[in-house]
Amino acid sequence: MYKNKAMRGPGRYLAPLLLLAAPAMAENFDPASLDLAALIECRADVPAYNGFALWLSGAPGAVGKLGWKEVATGNPFLVQYELPVPLRVFGREAGSVVFTATAPMAVFDGIAAPDLAKELKVTPTISTPGKFLGEKVVAESTEDAGGVSLATRITLNVSTVESHPGKTLAGCSYALDVK
């Protein structure tokens, strides 16, 4: 997958095809239509997430329109925002969200990653006292058209990261690979 490090925000690692479509997708996104909980809980599709991610990372003043405040993370792979009101996801409240290359994730206090993963039926791939990482495949497909293959993979993820000690991150990864 192509990585454009000059772009900030959640859309910074999208495939080249999506980058070409970015202006149109960002222009067509209506911030009033945002259902952040649906994006985090894997109740959306790849185009819905990508439209939002491209708008958030490319539209002037997008973060302000949502009332979000960017928070320094010290982690070059995460962009974090404090929300104006807590968001209810996975039956819990989260006051902030982070974005990885392909995923919006809620930041939780008060629940250990292994416990949340068990609740969400997410299988751990790494589970040590210092690190947790687990995923559950929600949807996976491949479409071939005119010599181009589009592989879509949506996974529910639970993890811990060193930059957020004592926090559990949970959200949905929307990956589109163009081959």
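Restricting ILE154, ILE111, ILE126 to those that are closer than 20 Å to LEU78 by Cα, of a type outside the set (Gly, Ala, Ser) and more than 18 Å from the chain's Cα centre (by Cα) reduces the list to ILE126.
Each residue in region 68-108 was checked for being in contact (Cβ under 8 Å) with a residue 60 or more places away in the chain and in a strand (DSSP E or B), and 10 of them qualify.
Among the criteria (1) under 17 Å from VAL97 (Cβ atoms); (2) at pLDDT below 90; (3) among the aliphatic types (A, V, I, L, M), the one VAL63 does not fulfil is (2). Look at (1) under 18 Å from the mean Cα position of the chain (by Cα); (2) not in a strand (DSSP E or B) and you find that LYS65 fails only one, number (1).
Can we say ALA53 is assigned to a strand (DSSP E or B) and crowded, with 21+ Cβ neighbours inside 10 Å?
Values: assigned to a strand (DSSP E or B): no; crowded, with 21+ Cβ neighbours inside 10 Å: yes.
So ALA53 does not fit the description; no.
Residues in region 129-173 that are of a type outside the set (Gly, Ala, Ser), in contact with a helix residue (DSSP H, G or I) (Cβ under 7 Å, 6 or more places away or on another chain) and within 22 Å of GLY95 (Cα to Cα): PHE132, LEU156, VAL158, THR160, THR168, CYS172. Within the option set THR142, THR152, being among the polar types (S, T, N, Q), more than 21 Å from PHE108 (Cα to Cα), free of Cβ contacts under 8 Å to residues at least 12 places away in the same chain and in a strand (DSSP E or B) holds for one residue only, THR142. Here ALA106 clears all of (1) within 30 Å of ALA151 (Cβ to Cβ); (2) at pLDDT 95 or above; (3) small (Gly, Ala, Ser); (4) surrounded by fewer than 19 Cβ atoms within 10 Å (Cβ to Cβ) except the condition numbered (4).
Quick check: anything in region 28-40 part of a helix (DSSP H, G or I) and either over 29 Å from LEU120 (Cα atoms) or in contact with a Ser or Thr (Cβ under 8 Å, 6 or more places away or on another chain) (or both)? First the steps, then the outcome.
Filtering region 28-40 down to residues part of a helix (DSSP H, G or I) leaves 28, 31-33, 36-40.
When the remaining residues are screened for being either over 29 Å from LEU120 (Cα atoms) or in contact with a Ser or Thr (Cβ under 8 Å, 6 or more places away or on another chain) (or both), the result is 28.
So far as region 28-40 goes, yes, one or more of its residues are part of a helix (DSSP H, G or I) and either over 29 Å from LEU120 (Cα atoms) or in contact with a Ser or Thr (Cβ under 8 Å, 6 or more places away or on another chain) (or both).
The values are calculated or read from the model by the stated rules, or taken from the named source; none is laboratory data. As the structure is a computational prediction, the values presented were derived from the model and not from experiment. A quick note on method: Cβ atoms are made from the backbone with ideal geometry, for glycine too, and the neighbour counts reach across all protein chains shown.
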